[in-house]
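The values are calculated or read from the model by the stated rules, or taken from the named source; none is laboratory data. A quick note: this is a predicted structure, and the numbers were derived from the prediction, not measured. Heads up, the Cβs are rebuilt from the backbone with ideal geometry, glycines too, and the neighbour counts pull from every protein chain shown. Accessible surface is based on the protein model in full, side chains and every heavy atom, while ligands, DNA and RNA are left aside. Shrake-Rupley method; radii C 1.70, N 1.55, O 1.52, S 1.80 Å.
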Amino acid sequence: MILAHIIAHNRTQALEIINLLMDEKLLLQAAVSEKEIYEKKSDDGELICENKTLIIGKTKALLFTIINNVLKKHFSENMPMLYAVPIVYMDEELANLLRENTAKV
């Protein structure tokens with residue numbers, strides 16, 4: 001089990017991603033929050049701040065590659081960032097719910 005972290009470019013893209021992945025049974029649940037992302041982009045090393053939308057969704061680890069491919073296909077020109085964090089412990093009832101309500105692999 002993992003928490004898929006998807007950093008979308010804006011809230012509209014985030015909601016589109018959630019609908020797409022839930023329609024395909026690739027996410028069980030998703031939490032959305034607005035974040036300020038800082039990067040050093042300028043030549044002088046100045047910090048640049050951008051507003052992004054973070055999606056955190058529960059899913060199976062085996063679905064990560066499928067999720068990545070779906071995102072690449074649908075957002076080839078404006079690809080969100082995707083990475084995963086393992087879930088170390090989870091209540092057994094929630095784990096069963098996740099297994100039963102996500103795509104079979």
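Assorted remarks:
- Rh (Kirkwood; distinct C-alpha pairs) - the stretch 1-69, Å: 13.0
- Selected from I17, I87, I48 as most flexible by GNM, with the chain as the system and alpha-carbon contacts under 10 Å: I48
- Full-extension gain in nm, A95 to R11, via 0.36 nm per residue minus C-alpha separation: 27.4 nm
- Sparse-neighbourhood loop sites, GluC sites (Glu not before Pro) in the stretch 18-81 - DSSP loop, at most 12 other Cβ within 10 angstrom: E46, E77
- 14 Å reach of a label modelled at V105, 7 Å along Cα-to-Cβ, counting backbone N of the stretch 18-47: 25-28
- The chain: chymotrypsin sites (Phe, Trp or Tyr not before Pro) falling in loop per DSSP and having at most 14 other Cβ within 10 Å: Y89
- Within the accessible area of the chain (1.4 Å probe), percent carbon and sulfur: 52
- Between S33, S76, S42, the residue with the greatest mean-square fluctuation in the GNM of the chain (Cα pairs under 10 Å linked by springs) is S42.
- Here the chain is assigned +1 on the Cβ of each Lys and Arg and -1 on the Cβ of each Asp and Glu. Its dipole about the Cα centre then comes out at about 400 debye.
- Solvent-accessible area per residue, Å², over the stretch 7-105 with all protein chains present [probe radius 1.4 Å]: 67
- Residue-by-residue Karplus 3J(HN,Hα) for the stretch 54-61, coefficients 6.51, -1.76, 1.60, Hz, glycine and proline x: 9, 10, 10, x, 7, 7, 8, 4
- Stokes-Einstein D in µm²/s, Kirkwood radius over Cα pairs - the stretch 29-97 at 20 °C with 1.002 mPa s viscosity: 145
- Across the protein chains, with a 1.4 Å probe defining accessible surface, the residues D43, D23, D91 rank D43, D23, D91 from largest area downward.
- Between E39 and L3, the FRET efficiency from the beta-carbon distance, with R0 = 25 Å, is close to 0.65.
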